[in-house]
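Below: the structure, in structure tokens.
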Amino acid sequence: LLVSTLVYAFEFGAKYDAKTGDQELDLNLGKLNLEVGGDKDNFISDLSVAYGVPKTEVETLIYKIKMTPADAYMALKIYQLTKKPLQVITDAYKTNHGKGWGVIAKELGIKPGSSAFHALKNSSNIELDKARKNNKSKFKSEAKLEKNSKEIKSKGNGKNKNK
């Protein structure tokens, strides 16, 4: 798990550049990719609930369109803010993702400095916090399982020694 998380961090954290036109938002999106890591299931469920879209649509963004977690978040938040069909958002992404989310957002009617842009920026903090909480609870659970496994093995070894 640690190796896959590090590989994911390198691939999507270090290289990721959202190009939103806002340094803080770009940084939050990069951090979001790192926090989600290779374990996307909780994140997909969270996005599905938060943005009222079927889980299969979020899975399509990540697994079929190959969006990073941050890109999927941006697509769904822009979908929510603009009320445009998700297909319009994904088409704009496919056409302009190399130019960045700033260009995509403008194309879809979200101007830099607008209230919609500030909502996009502010909610990135919320998504990042959720991902951090999920990550912490995941690692706590894994540590607990590892501890229990060691305890069971040591108890098992003790019983075998007495036989």
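At pLDDT 95 or above, touching a Leu at 6+ places or on another chain (Cβ under 9 Å) and not small (Gly, Ala, Ser): is that true of Lys55 in this structure?
yes
Return yes or no: is Tyr73 more than 14 Å from Asp22 (Cβ to Cβ), open to solvent by 10 Å² or more (accessible area, probe 1.4 Å) and aromatic (Phe, Trp, Tyr)?
Judged against the criteria, Tyr73 is not a match.
Restricting attention to the stretch 91-100, and to residues there that are under 19 Å from the mean Cα position of the chain (by Cα) and open to solvent by 70 Å² or more (accessible area, probe 1.4 Å), which single residue is farthest from Gly21 (Cα to Cα)?
Filtering the stretch 91-100 for residues that are under 19 Å from the mean Cα position of the chain (by Cα) and open to solvent by 70 Å² or more (accessible area, probe 1.4 Å), the one farthest from Gly21 (Cα to Cα) comes out as Lys94.
Can you tell me which residue among Ser123, Ser115, Ser137 is closer than 23 Å to Leu34 by Cβ, open to solvent by 20 Å² or more (accessible area, probe 1.4 Å), modelled with pLDDT under 95 and out of contact with any His (no Cβ under 6 Å at 6 or more places or on another chain)?
Only one candidate qualifies: Ser137.
Residues of the stretch 15-26 being outside any loop (DSSP other than H, G, I, E, B), surrounded by fewer than 16 Cβ atoms within 10 Å (Cβ to Cβ) and touching a helix residue (DSSP H, G or I) at 6+ places or on another chain (Cβ under 8 Å), which ones?
Selection gives Glu24 alone.
Can you name the number of the only condition in (1) out of contact with any Ser or Thr (no Cβ under 6 Å at 6 or more places or on another chain); (2) basic (Lys, Arg); (3) surrounded by fewer than 17 Cβ atoms within 10 Å (Cβ to Cβ) that Lys55 fails?
Lys55 satisfies every listed condition except (1).
Which is at pLDDT 95 or above, out of contact with any Gly (no Cβ under 6 Å at 6 or more places or on another chain), open to solvent by 50 Å² or more (accessible area, probe 1.4 Å) and among the hydrophobic types (A, V, I, L, M, F, W, C), of Val88, Val49, Val103?
Val88
How do the helices (runs of 4 or more DSSP H) wholly within the stretch 27-146 filter down when requiring 3 or more residues that are of a type in the set (A, V, I, L, M): which remain?
Fully inside the stretch 27-146 and qualifying: 41-51, 69-82, 86-96, 101-107.
The values are calculated or read from the model by the stated rules, or taken from the named source; none is laboratory data. It should be emphasised that the depicted structure is a prediction, and the values quoted were computed from it without experimental measurement. Here Cβ is always computed from backbone atoms with ideal geometry, including for glycine, and neighbour counts include all displayed protein chains. Heads up: the accessible areas ignore ligands, DNA and RNA and are worked out on the full protein's heavy atoms, side chains in. Shrake-Rupley method; radii C 1.70, N 1.55, O 1.52, S 1.80 Å.
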